[in-house]
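To start, the structure under review is shown below, and the notes come after it.
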Amino acid sequence: MTMGFRDTVARLFKLPIAPKSHWNAGRVNRAFGKTAPNSGPNQANVTYLPLLRSRVRDMVRNSPIASRAVDILVSEMIGTGIVPLPVAKGDVKTELVDLWRNWEDFADYDGRTDVYGLQALAVRAWIESGECFVRLIATPHDGGDVVPLRLQLLEADMVPLANGKAPQTENEILNGIEFKDGQRVAYWVHKKHPGDFLLTGFASGTVASFNTETMIRVPAADMIHLFDPTRPGQLRGVPRLAGVLQTIAQLDGFDEATLERQKHAAALTFFIRRPVPNEPGIDPVTGKEIDPDLVPESTITPGSAYTLLPGEEIETPDLPSLGTEYSHFVKHHDLQIAAGSGIPYELLTGDYSGVNDRVVRVALNTFRRKLQQQQWGVVIHQFCRPVWERLIRVAILNGLTGVALAKVRVKWSPQAWPYINPLQDIQTQERAINAGLVSRTSTIVERGDDPDQVDQERAADMKRESDLKITTTAAP
């Protein structure tokens, strides 16, 4: 129904006429032929999010560019790990650093990796599935110096996208999350992954049986929910590649079809053209009757020479060529995928042709600024800080550290990104320090190192060189 027809009907029946939007995007026109959905931040999740997750995971398994996108986001955001740096001096800092280092190798509940491997795996699950759950589990203390705290990573599927009422308390459950007075108080978790086992009472839609036979109620204080909300009030996360999934699928389909076309074209080596028969059904070359069920074929082997029968001619086919339009078409879609995933085209595809280091620097600076936003606003805030706070609390309860140390602030230090131009970058940092624009401490922290440890190592190096009477020459 066009706007003109609507206005006519409204005047005929004396109905109020809605004013036209002053924005073109608010009108029905050729670009916007239908009304966009106006659902809330959680309405679409119940029905479509499981399908979206499975499609993204399948695309990451089978599409090189999708797999590459996830690998880049994880490696650039986590690298070798985000490390805590206690803001303290002397024995206090040493005690906290030792507490963390003694524990980091035993952080995984499944015992497959260390705490930094868990950071990478959690971020990978967040990017692929839109979210990841981390359960904080306090285990019995064995009397050693390792804090008895373990982290158990749970895929998004483990918390159902279902609504209902919690047994006994009758608290409201939205998307598998239990609320009381508007605050998260618990998460309902399947005992086994719904994709691996058939669970009684489970449905992927809006109905689920919230009971202790098939699920575990985990208090919100013992659960980390890692995801990047893009709308206020959003309860569950959406996969990072959701917006470019269709483009990747279409590009993969086009690439596969093109490859098949070229394979079929390459299989046509040549044609043997025979003269037109004088008599119907008689081979003009052999003079024998033509069997309609047999089509003469010739097998070609490299380096061979063949003698044709009288009247036969060889005709080579005009094979289709990819031409320049193929690479332009693929690059156009790769640019869209790069834009949608937030990764520079050159980094995503490995195509650095036609660019210089200045262009790469601009692209990487924009990309890394976004990653820093997510490092601090998502990974550090939602994952690292709760883990540290629980670690200190469990350590205090088990007599592994003093209560006063719980008040020590912690700075988190992600692994530094590599220099683009090492000589220029280091000279720039040196000049900034000498000009008083930044401190040497902050520069070391940005490099992902501990300033106190660097100073101790430098002092040890200088003392050892002095004791051994080693003379070093400073670089010009």
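The values are calculated or read from the model by the stated rules, or taken from the named source; none is laboratory data. Predicted model only: the values in this text are computed from it and were never measured. All Cβ positions, glycine included, derive from the backbone under ideal geometry; neighbour counts span all protein chains shown. Each accessible area value is taken on the protein alone, full model and side chains, heavy atoms only, with ligands, DNA and RNA left out. Shrake-Rupley method; radii C 1.70, N 1.55, O 1.52, S 1.80 Å.
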request  = Filter segment 408-459 down to the residues that are open to solvent by 60 Å² or more (accessible area, probe 1.4 Å) and hydrophobic (A, V, I, L, M, F, W, C), then identify the one that is farthest from N365 (Cα to Cα).
outcome  = A435
ask   = Which residue pairs have Cβ atoms closer than 6 Å, lie 6 or more positions apart in sequence or on different chains, and pair a first residue in segment 333-355 that is in contact (Cβ under 8 Å) with a residue 24 or more places away in the chain with a second residue that is open to solvent by 40 Å² or more (accessible area, probe 1.4 Å) and polar (S, T, N, Q)?
value = D334/T349
inquiry  = Let me confirm something: among G176, G143, which residue is among the small types (G, A, S) and surrounded by 18 or more Cβ atoms within 10 Å (Cβ to Cβ)?
reply    = G176
Selection count, segment 387-402, where residues are under 15 Å from W103 (Cα atoms) and either among the acidic types (D, E) or assigned to a helix (DSSP H, G or I) (or both) = 10
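Every residue, every condition in (1) within 25 Å of the chain's Cα centre (by Cα); (2) acidic (D, E); (3) assigned to a loop (DSSP other than H, G, I, E, B); (4) closer than 30 Å to Q43 by Cα, yes or no:
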site	(1), (2), (3), (4)
F106	no, no, yes, no
R112	yes, no, yes, no
G117	yes, no, no, no
V134	yes, no, no, yes
I137	no, no, no, no
Q152	yes, no, no, yes
D157	yes, yes, no, yes
I173	no, no, no, yes
query = Can A166 be described as open to solvent by less than 60 Å² (accessible area, probe 1.4 Å), out of contact with any helix residue (DSSP H, G or I) (no Cβ under 6 Å at 6 or more places or on another chain) and either at pLDDT below 95 or among the charged types (D, E, K, R) (or both)?
reply = yes
